[in-house]
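Here, each number is a calculation from the coordinates, and none is a lab measurement. All values reported here derive from a predicted model rather than from experimental measurement. Note that each Cβ is placed from the backbone with ideal geometry, even for glycine, and that neighbours are counted across all protein chains shown.
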Amino acid sequence: MKESSDKMQKILVLDFGGQYNQLIARRVREQHIYAEIKPYNKITTDQIKAAGYSGVIFTGGPNSVSDPKSPHFDPAILDIGIPILGICYGCQLMAYMAGGMVEGAEDSSEYGKIEVYARDNILFTDVPNKSICWMSHHDYIPHPPKGFTTIAITDKCPTAAMCDESRRLYGVQFHPEVTHTEYGKQMLHNFLYDICGCTGDWQMDSFIEDTVSELRETIGDKGVVLGLSGGVDSSVAAALLSKAVGKQLTCVFVDQGLMRKDEGDFVENTFTKLFDMNFVRINCQEEFLSKLKGLTDPEDKRTVIGTEFYNVFWNKIRESYGSGFFAQGTIYPDRIESGKGDASKIKTHHNQVGIPKDIQFEGVIEPLKDLFKDEVRAVGEKLGLPHDLVWRQPFPGPGLGVRVIGEVTAERVRILQEADAILRDEMDKCGYAGEMSQFFAVLPGVKTVGVMGDERTYSELVAIRAVTTDDFMTADWAKIPYDILGRVSNRIINEVDRVNRVVYDITSKPPGTVEWE
């Protein structure tokens, strides 16, 4: 589906630095309406009018609207005739731009689940008069500005929601995009369909059809090279390209020996059997391990692995494939600029790699550049990729190089691969894998005393890490039943040579991170 299509309905998520900006866009797309995120300081009112948006959503943000340094926008946006929904800071900003008051007071602050009392309004169609919403604010709107009316309150907040129906302007002090708001999905549906007039034309089937057509037109009879990591994004990109141009596609897969057990073979078998393409596998574990010898600092390991991967990949391209087009598995979150501050540079991401100056491709192709991860998975399933590949868990770019704590050696990688494979096998067998967002084994580099076969041992300790989360911004350790943990521990100790102890990490995020390094 073409982002520039005049026919496609789309919503602008205007980012004022809110932590939920991507979540808002995802919630809109779940309603089958295309949404794109733009920083407040990278688009003008005239550009918004010209782009043909069906509606605009102001995001939340950490600032106080009364602070001159806080994000503001041209008040003229309120009069361009496009429906607007302001969320939290976005609601306060709407009131401020309309000439209203926004104040701060300790006794008006609300955080967490709060009862909201809504009045009859199109925004609250099919929403009970009293429901639980998620609040996170210090400032508040004592009364709506001229032309607006209050349509919801709380015990502390006199303007929990407001609207100017004549201009189709709506503001809510709470966050309808988070799951804690009971009827948030319905509220967003009401705004998108009943207020903005959207009909829901953003569908994965049409995306695939349109993207394949665009790829064929762009590539023509030229070749295209894709660096295939085996991750979800690059795999779905490869499947789309294969559907579009078949043997004109060459996938270069660098197997650095730091993947999970048998993962390299799984990737090769998947793409050579299911898709029409040229598949090139480079096995180079020895080269990577030689570069990592003696290194223990995680940042040093990341740098070496990234640099060596870059060198191996591009040297192969120089040999045979340095023409035509270069494809990447870039997805939408990789490209989103933040609305915080005046930052204008998109962060460097592993899906966006630099091309050496001596290699001259005709262009860069990013078939997934407008999709979120869940949408990428939906495309992968429709293209026939194996479920295990489409729904594989996040895996760090440096692979097991940062799950082997300390020096990375062939033997330590083998131990971790075997332990991790047992963990996954047991979770799949008992059906508990779907209860967790991510789980894996770690080799901390700690040896402990044990007794095995009436003999003293001094062997490796394996740690298990498992978390549940909605967005990976925060995470809780998974409450795996003891009997499952017991089976995993027993198998690892009995089946993996040189391991005599298994521990379970019960640290949430924060203060910990999901990965250990």
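By the count of other C-beta atoms within 10 Å, a proxy for reagent exposure, 493, 122 are ordered fewest to most as 122, 493.
Which of the peptides 144-151, 502-509, 256-263 is most tightly packed, and how do the rest follow, going by the mean number of other Cβ atoms within 10 Å of each residue? Walk me through the numbers before you get to the answer.
Working: 144-151: 17.5, 502-509: 15.5, 256-263: 20.2.
Sorting 144-151, 502-509, 256-263 by mean packing, highest first, produces 256-263, 144-151, 502-509.
Explain nothing, just the number: dipole magnitude of region 404-504 about its Cα centre with +1 on each Lys and Arg Cβ and -1 on each Asp and Glu Cβ, in debye rounded to the nearest 20.
With Lys and Arg at +1 and Asp and Glu at -1, about 240 debye.
Assuming charge only on the beta carbon of Lys and Arg (+1) and of Asp and Glu (-1), the dipole of the chain about its Cα centre is about 420 debye to the nearest 20. Label point of residue 297 set 7 angstrom out along Cα-Cβ; within region 374-415, amide nitrogens under 15 Å from it belong to 406-407. Relative to the compact-globule estimate of 2.2 N^0.38 Å, the Cα radius of gyration of region 10-195 comes out at 0.92.
Shown is the FRET efficiency for residue 80 and residue 494, computed with R0 = 56 Å from the Cβ-Cβ distance and rounded to the nearest 0.05: 0.25.
Under the criterion of Cα pairs below 8 Å and six or more residues apart, the relative contact order for region 36-165 equals 20 percent.
Using the number of other C-beta atoms within 10 angstrom as an exposure proxy, rank 28, 102 with the fewest first.
Working: 28 27, 102 20.
Fewest-to-most Cβ neighbours within 10 Å comes out as 102, 28.
For region 204-390, the spread of Cα positions along the three principal axes, ordered from largest to smallest, is 51, 47, 36 Å. For the listed peptides 477-483, 247-253, a ranking on the average number of other beta carbons within 10 Å per residue, highest first, reads 247-253, 477-483. Size descriptors for region 165-294 (Cα atoms only): Rg and Dmax, in that order, 22.6, 69 Å. Sorting 280-290, 218-228, 157-167 by average packing, meaning the other beta carbons within 10 Å per residue, from highest down gives 157-167, 218-228, 280-290. The Rg/Rh ratio of region 404-504, with both radii computed over alpha carbons and Rh defined as the Kirkwood radius, is 0.99. A straight Cα-to-Cα reach below 21 Å connects residue 49 with the lysines 2, 7, 10, 38, residues fewer than 8 places away in its own chain not being considered. Computed from label points 7 Å out along Cα-Cβ, the spacing between residue 513 and residue 429 is 3.3 nm. As a proxy for reagent exposure, ranking 174, 372 by other Cβ atoms within 10 Å from fewest up yields 372, 174.
Select one label from (1) 158; (2) 171; (3) 142: the one whose number is volume of the Cα convex hull per residue in Å³ as derived from the coordinates shown. Among (1) 158; (2) 171; (3) 142, the one calculated here is (2).
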